[in-house]
1. Among the candidates GLY592, GLY617, which residue alone is assigned to a strand (DSSP E or B), touching a Pro at 6+ places or on another chain (Cβ under 8 Å) and within 27 Å of ASP498 (Cβ to Cβ)?
2. Inspect all residues belonging to region 324-344 and state whether any of them is open to solvent by 10 Å² or more (accessible area, probe 1.4 Å), under 26 Å from ARG555 (Cα atoms), out of contact with any Phe, Trp or Tyr (no Cβ under 8 Å at 6 or more places or on another chain) and of a type in the set (S, T, N, Q).
3. Kindly provide the set of residues from region 468-504 that are assigned to a loop (DSSP other than H, G, I, E, B), free of Cβ contacts under 8 Å to residues at least 24 places away in the same chain and open to solvent by less than 60 Å² (accessible area, probe 1.4 Å), ordered by number.
4. Please determine whether any residue of region 533-541 is assigned to a strand (DSSP E or B) and open to solvent by less than 40 Å² (accessible area, probe 1.4 Å).
5. Of the residues PRO645, PRO641, only one is within 22 Å of ILE568 (Cα to Cα) and either basic (Lys, Arg) or out of contact with any helix residue (DSSP H, G or I) (no Cβ under 7 Å at 6 or more places or on another chain) (or both); which?
6. Report yes if some residue within region 167-182 is open to solvent by less than 20 Å² (accessible area, probe 1.4 Å) and in contact with a Cys (Cβ under 8 Å, 6 or more places away or on another chain); otherwise report no.
7. Search region 392-420 for residues being part of a strand (DSSP E or B) and either in contact with a helix residue (DSSP H, G or I) (Cβ under 7 Å, 6 or more places away or on another chain) or more than 24 Å from MET345 (Cβ to Cβ) (or both), and hand back the single one that is least open to solvent (accessible area, probe 1.4 Å).
8. Quick check: anything in region 641-657 among the hydroxyl-bearing types (Ser, Thr, Tyr), surrounded by fewer than 22 Cβ atoms within 10 Å (Cβ to Cβ) and not in a loop (DSSP other than H, G, I, E, B)?
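The values are calculated or read from the model by the stated rules, or taken from the named source; none is laboratory data. In this text, all values refer to a predicted model and were calculated from it rather than measured experimentally. Every residue, glycine as well, gets a Cβ built from its backbone with ideal geometry; the counts of neighbours run over all protein chains shown. Protein only, heavy atoms only, side chains kept; ligands, DNA and RNA dropped before computing areas. Shrake-Rupley method; radii C 1.70, N 1.55, O 1.52, S 1.80 Å.
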Amino acid sequence: MMKINIHLIRLVRLAILVILVTLAAPTTMTAQNKLFTLEDLNFGGTNYGNMQPKNLWLTWWGDQLIQTDVEECYTIDVKTGKKTKLFTLDDINKWAESDDVKYVRHLMNAKFPYPDKTIVQVGNRKAVILVDFKQQKIVWQDSIAGQTANDWCPASKATAYVEGHQLFVVDANEQKHQLSTDGSREIVYGQSVHRNEFGIEKGTFWSPDGQRLAFYRMDQSMVTDYPQVDIFPRNASYEPDKYPMAGMTSHKVTVGVYDLQNDKIVYLQTGDPTDRYFTNISWGPDCKTIYMFELNRDQNDCRLVSYDATTGQKLAELYRETSDKYVEPQHPIQFLPWDDSKFIMQSQKDGYNHLYLFDTNGKELKQITKGEWVVMEVLGFNKKQKSIIFKANKEHPLHHRLYSVSMTGTIQQLETVDGVHNGLLSPSGNFLIDRFTTPTRPRVIDVVDITRKTPQHTNLLEAEDPWIGYQQPIFECGSIKAADGVTDLYYRMVKPADFNPEKKYPTVVYVYGGPHANNVQASWHWASRSWETYMAQKGYIIFILDNRGSQYRGRAFEQATFHQLGQIEMQDQMKGVDYLRTLPYVDMNRLGVHGWSFGGFMTISLMTNYPDVFKVGVAGGPVIDWKWYEVMYGERYMGTPQNNPEGYAKTSLISKAKDLKGKLQIITGYNDNTVVPQHCLSFLDACIKAGTQPDFFAYPGEEHNMRGHASVHLHERITQYFEDYLK
C-alpha cells in the first residue's frame with residue numbers, strides 16, 4: 001500500500017512539473033507556434049529536407065508508370081493508382097553481385113530505356129548496368145562511369161566521355177576509341193561551349209540509332225586567362241579560367257561527327273568559326289543529317305542550317321531570322337514522329353515564343369500556336385492523336401499550364417487547376433505525369449490519360465503542408481503598372497505572421513530583374529524564397545516585383561532593356577517603391593534592398609541612384625561594369641563597349657561609388673567564375689577614392705553561389721546586416 005502511494009505521489013509530481021514547464025515555456029515552442037531557423041529553411045541546412053513537401057520519384061517504362069524509391073521500384077496503375085512491387089534494391093544487388101560489380105546504393109535514378117524489354121538501367125560509381133529483372137541477371141555493363149561528360153546511348157550501348165581532356169567512345173563491346181589527341185585546357189572536346197548560353201547544356205549528341213556522335217570542339221587558346229587563385233594549399237596555386245569579356249577576343253567552335261561503324265571523324269564545313277555561335281544541334285530521323293542554329297557575334301542574325309553527317313558538307317540554309325536587337329535560339333528543332341519530312345521550330349518572331357511547322361526544304365507550312373502568351377516547353381508528341389504536348393502561360397502570366405495542340409492549331413487544356421504545372425510525358429505520348437503546385441497547395445502529382453476525349457486524372461499525391469505547426473508568414477500577390485503606365489507587373493509581398501496594419505514595418509525589396517528569370521509565379525507561397533519567411537519572422541515585410549526585362553512575358557517586355565541594362569528595371573522597381581509609399585504599414589524611413597548576381601547589380605544601382613530612398617542594401621555577386629562580363633550574355637543585351645560606349649558608361653556603377661549614402665554590404669565568392677572578383681574589387685577601389693564606405697565579405701573557395709552549408713552562413717550574414725542597420 002505504501003509503495004502504491006509513493007508511486008502515485010511521484011506521478012502527480014511529474015504531471016505538475018510537466019504542466020508548469022509547459023506553462024512557463026515561451027509561445028515559440030508550442031506545437032502550433034514554432035519558429036523557423038535557417039537550418040530549416042535554407043537548402044544547405046541540416047533540417048531542410050524535412051521541411052520540403054512530400055514527393056514521389058516517377059519515370060516511364062513505355063506507357064507503364066514506375067515509382068523509383070530508395071530501396072524499391074513499383075509499377076503504378078495509371079487508372080487506379082494501385083502500386084505493385086517490381087523489384088527491390090536487394091534484388092538488384094543480389095543479381096549484380098554475380099558479376100562482381102560493387103553494390104548499387106539506391107534506385108531513385110533507375111531508368112527503363114527500352115519500352116518493350118524488362119530491363120532497368122542502374123549504376124554505381126564504377127559502372128552503368130543493365131539488369132533484366134525478369135531473367136534476374138545483368139545483361140550488359142560498362143566500366144567508365146564517373147568520367148567527365150558521360151553520355152550513354154541506349155540505342156547502341158556506346159558511351160561518350162572525356163578523360164584527361166581527350167574525348168573517347170567505348171562501344172557496346174567495350175572497345176575504346178580515342179577521338180582526340182590535342183585536348184587540353186585550351187582545346188576542349190565534348191563539353192558545353194559558349195559558356196552554357198543559347199540553351200547549351202552538354203557537348204555530345206548521339207544520332208537516333210546511336211551509330212554517329214556529333215560533338216563540340218572549342219579552341220579557347222586565344223581567350224584571355226582570368227587569374228583565379230586557390231588559397232587552400234600552403235603555397236596558393238594559380239588556377240586560371242578562360243573568360244572572354246565583352247568586346248574582347250572570343251573562342252572558336254567547330255562540330256565534329258564520329259562514325260562508330262568506320263571509326264572516322266568528319267567536321268561540319270561551317271566556314272570560318274571566328275565570332276560565330278553554333279547551337280541547338282539536332283539529328284534528322286535519317287541519322288545522316290545534322291541541323292544546327294548558327295548565330296553571328298552580334299546575335300541579330302540567326303540561321304538554321306543542315307549538314308550531311310557523312311561528309312560534313314553543308315546542305316541547305318533552311319531558315320533565317322534577323323532583328324534590330326537580338327535573336328536568341330534556345331531550342332533545337334524537333335521532327336514529327338509520324339512524318340519524317342516535317343519538324344517544329346520555336347521562335348519569338350511574332351513577339352511571343354510559339355511553335356511553327358516546317359518541312360525539310362525549309363518551307364514554313366504554318367504557325368501552330370499564336371497569341372499574347374509564351375510556349376515555355378515542348379514535352380513531346382502524341383503519335384496516335386498527331387498532337388504536340390507543351391507547357392505555356394496561356395491563361396495568365398503567372399500560371400504555367402499543360403496543353404496539347406493538333407496540327408490544325410486546336411488547343412486542348414490537359415488539366416483543370418490554376419497554378420504552376422510541370423509534365424513528364426510517356427514515350428508514346430498517351431500518358432502524362434502532372435506535377436503541380438498552387439499558392440496554397442505545396443505539391444500535387446496526378447497521372448493524366450491523354451487518350452480520352454476529356455483527359456482523365458488519377459491522383460497519386462496530395463502533399464501535406466510540411467510547415468504545419470510553425471508560425472507561417474502571410475503571402476500575398478498583386479500587380480501594379482510599369483513605368484510606361486501600361487504594362488502590368490506582378491509582385492509578391494511577404495508579411496509577418498502577426499502582421500498588424502496599425503504598425504509600421506521595416507521593408508526589404510528583394511530584386512533580380514534580369515533576363516531568363518522571374519520571381520513571382522502562382523506556385524506554393526507565390527514562389528517565395530524561404531529566406532523571405534525567415535525575414536518576415538524577424539519582423540520585416542519583403543517585397544518582390546518582376547520588372548520589364550524578366551522572362552515569360554514576350555519579346556517586347558524582355559527586350560525593353562536592350563543596350564541599357566538596369567535603367568528600365570530601376571524605373572519599374574521605383575514604381576514598386578511608389579506603391580509601398582501608399583501602404584501605411586510600410587516604414588519608408590527603413591527601406592532596404594537585396595539581390596544576387598543581376599540582382600546584386602540592381603541593388604547597388606538602386607542604392608546609388610536613389611541614395612535617399614534605400615537605407616541599407618546587401619549586394620551578392622554583383623555585376624559592376626558590363627565590360628567585365630562575358631561575351632555571349634553581355635553582348636546580347638549590351639552590345640560591345642566599342643559599339644555602345646554610352647550604354648556601358650550609363651550602366652557602369654564605378655562612377656556611382658561617390659553617390660553611396662546608406663549602409664551597403666557587398667558579398668562575393670572569392671573564386672566566382674561567373675561575375676569575376678574584378679567587379680567587386682573595382683567598386684571598392686572607386687569607393688576608396690570617393691571616400692564612401694561599403695562593407696565587404698568574401699567566401700574563400702566558393703564560386704558564384706554558395707554551396708552546401710556555406711549558404712546557411714551566407715543568409716544569416718545577410719539577415720544580420722539588416723538587423724544591425726535597418727531594424
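1. Details: GLY617 fails: touching a Pro at 6+ places or on another chain (Cβ under 8 Å).
Every option except GLY592 fails the conditions.
2. There is no residue in region 324-344 that is open to solvent by 10 Å² or more (accessible area, probe 1.4 Å), under 26 Å from ARG555 (Cα atoms), out of contact with any Phe, Trp or Tyr (no Cβ under 8 Å at 6 or more places or on another chain) and of a type in the set (S, T, N, Q).
3. GLY485
4. From region 533-541, those assigned to a strand (DSSP E or B) are 541; that's our starting set.
This time we only want the ones that are open to solvent by less than 40 Å² (accessible area, probe 1.4 Å), so: 541.
The answer is yes; a qualifying residue exists.
5. Details: PRO641 fails: either basic (Lys, Arg) or out of contact with any helix residue (DSSP H, G or I) (no Cβ under 7 Å at 6 or more places or on another chain) (or both).
Result: PRO645 is the single residue among PRO645, PRO641 that is within 22 Å of ILE568 (Cα to Cα) and either basic (Lys, Arg) or out of contact with any helix residue (DSSP H, G or I) (no Cβ under 7 Å at 6 or more places or on another chain) (or both).
6. Looking for residues that are open to solvent by less than 20 Å² (accessible area, probe 1.4 Å) and in contact with a Cys (Cβ under 8 Å, 6 or more places away or on another chain), one finds none in region 167-182, hence no.
7. Initial filter on region 392-420 (part of a strand (DSSP E or B)): 392-396, 399-406, 411-413, 420.
Subsequent filtering for residues that are either in contact with a helix residue (DSSP H, G or I) (Cβ under 7 Å, 6 or more places away or on another chain) or more than 24 Å from MET345 (Cβ to Cβ) (or both) retains 395-396, 399, 420.
Details: GLU395: 91, HIS396: 59, HIS399: 30, VAL420: 11 Å².
Only one residue fits best here, namely VAL420.
8. yes
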